[in-house]
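Colleague: To start, I am sharing the structure in question, which I have written as structure tokens.
The values are calculated or read from the model by the stated rules, or taken from the named source; none is laboratory data. Keep in mind that what you see is a predicted model, and the values were worked out from it rather than measured. Here the Cβ is made from the backbone with ideal geometry for all residues, glycine too, and neighbour counts use every protein chain on show. Side chains included, ligands, DNA and RNA excluded: accessible areas come from the protein's heavy atoms. Shrake-Rupley method; radii C 1.70, N 1.55, O 1.52, S 1.80 Å.
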Amino acid sequence: FGLWSGNYRSQNSDTDLSDITNFTTSAYWITGTTTPASSLPGATILHYNQVIHFSGTSSNGDITASNMQLIIDFSNQQLLDESIIDFHTAGGDTWVIDLAGTLNDSHANLFIDEGNVNGNTVIGDLTGSFFGSNGEAVGGAFHVWQDGVDSNFATGIYVVGYDSSSVDLDPRLSGTDEHFLNVEPRVGLITSISHNNHGLPDPAGDPYPGIH
């Protein structure tokens, strides 16, 4: 995981390597081996509140402090109340976001239940995937913005877990080579620092068509 400072391409399909989108802006990215759905925790509720990694930027400076918690009910395949993602930026903005969502095999389909930045309504796109031999962590990307004001946005990546001891994440922090991670169960998530065509899927569509 890290910040990719050069050009990159996003693969849009699991089966067609020619279906790509080229980007010319820097991007935050995370890759790793997802947990098989059969290996996720059983009938239990887990609090994913150990922030292993959280980084990003915004239209008003880099993210300087953050807090995140996902409360996941594996019995009912959903997120519970008090699942949150909050952060501050260098320019003084405070983003407070309450999350909701459901589980889909090795992924968590995350949605903004309600959120605000300095009191103004926030909307956006988020992704989440389980990592580790038994789903010890959830990692993903986010791109959020003030409703009706596209120029006020924030974007980044996160890894949050209840046990980080066996999470298989890609350790590369930079590079220029192209890496095609289409072979399951690896997943790659990228979010551009540009608001236009930021690279994350729309929650209303197929949430994980491939690499974003």
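Colleague: Name the pairs whose Cβ atoms lie under 8 Å apart, with the first residue in region 16-38 and within 16 Å of V160 (Cα to Cα), the second at pLDDT 75 or above and open to solvent by 50 Å² or more (accessible area, probe 1.4 Å), and 6 or more positions between them or separate chains?
Modeller: Sorted first by the residue in region 16-38, then by its partner, the pairs are T35/S133; T35/N134.
Colleague: Let me ask something else. Could you check region 83-138 and list, in sequence order, the residues that are within 20 Å of T31 (Cβ to Cβ), of a type in the set (D, E) and out of contact with any helix residue (DSSP H, G or I) (no Cβ under 6 Å at 6 or more places or on another chain)?
Modeller: Correct list: D125, E136.
Colleague: Of all residues being open to solvent by less than 30 Å² (accessible area, probe 1.4 Å) and outside any strand (DSSP E or B) in region 45-76, which is farthest from A108 (Cα to Cα)? Just the residue, please.
Modeller: G61
Colleague: Every residue in region 26-44 that is more than 16 Å from A141 (Cα to Cα) and assigned to a loop (DSSP other than H, G, I, E, B), please.
Modeller: The answer is T35, P36, L40, P41, G42, A43, T44.
Colleague: Write out, first by first residue and then by second, each pair whose Cβ atoms fall under 9 Å of each other, whose residues are 6+ apart or on separate chains, and whose first residue, in region 88-100, is free of Cβ contacts under 8 Å to residues at least 60 places away in the same chain while the second is aromatic (F, W, Y) and open to solvent by 20 Å² or more (accessible area, probe 1.4 Å).
Modeller: Cβ pairs passing all conditions: L99/F111; A100/F111.
Colleague: Does region 77-87 include one or more residues that are farther than 28 Å from L40 by Cα, open to solvent by less than 60 Å² (accessible area, probe 1.4 Å) and assigned to a strand (DSSP E or B)?
Modeller: yes
Colleague: Continuing with the same structure: Checking V117 against (1) touching a His at 6+ places or on another chain (Cβ under 8 Å); (2) among the β-branched types (V, I, T); (3) open to solvent by less than 20 Å² (accessible area, probe 1.4 Å), which test does it fail?
Modeller: (1)
Colleague: H198 passes all but one of (1) modelled with pLDDT under 50; (2) open to solvent by 40 Å² or more (accessible area, probe 1.4 Å); which number fails?
Modeller: Of (1) modelled with pLDDT under 50; (2) open to solvent by 40 Å² or more (accessible area, probe 1.4 Å), only one is false for H198: (2).
Colleague: One residue is enough: does region 88-110 have a residue meeting the conditions hydrophobic (A, V, I, L, M, F, W, C) and not in a strand (DSSP E or B)? Break it down stepwise before answering.
Modeller: First, pick out the residues of region 88-110 that are hydrophobic (A, V, I, L, M, F, W, C): 90, 95-97, 99-100, 103, 108, 110.
Pick out the ones that are also not in a strand (DSSP E or B) and you get 90.
Yes, region 88-110 has at least one match.
Colleague: I'd like the full set of residues that are within 11 Å of the chain's Cα centre (by Cα) and under 14 Å from D86 (Cα atoms), limited to region 112-140.
Modeller: Hit for region 112-140 is L126, nothing else.
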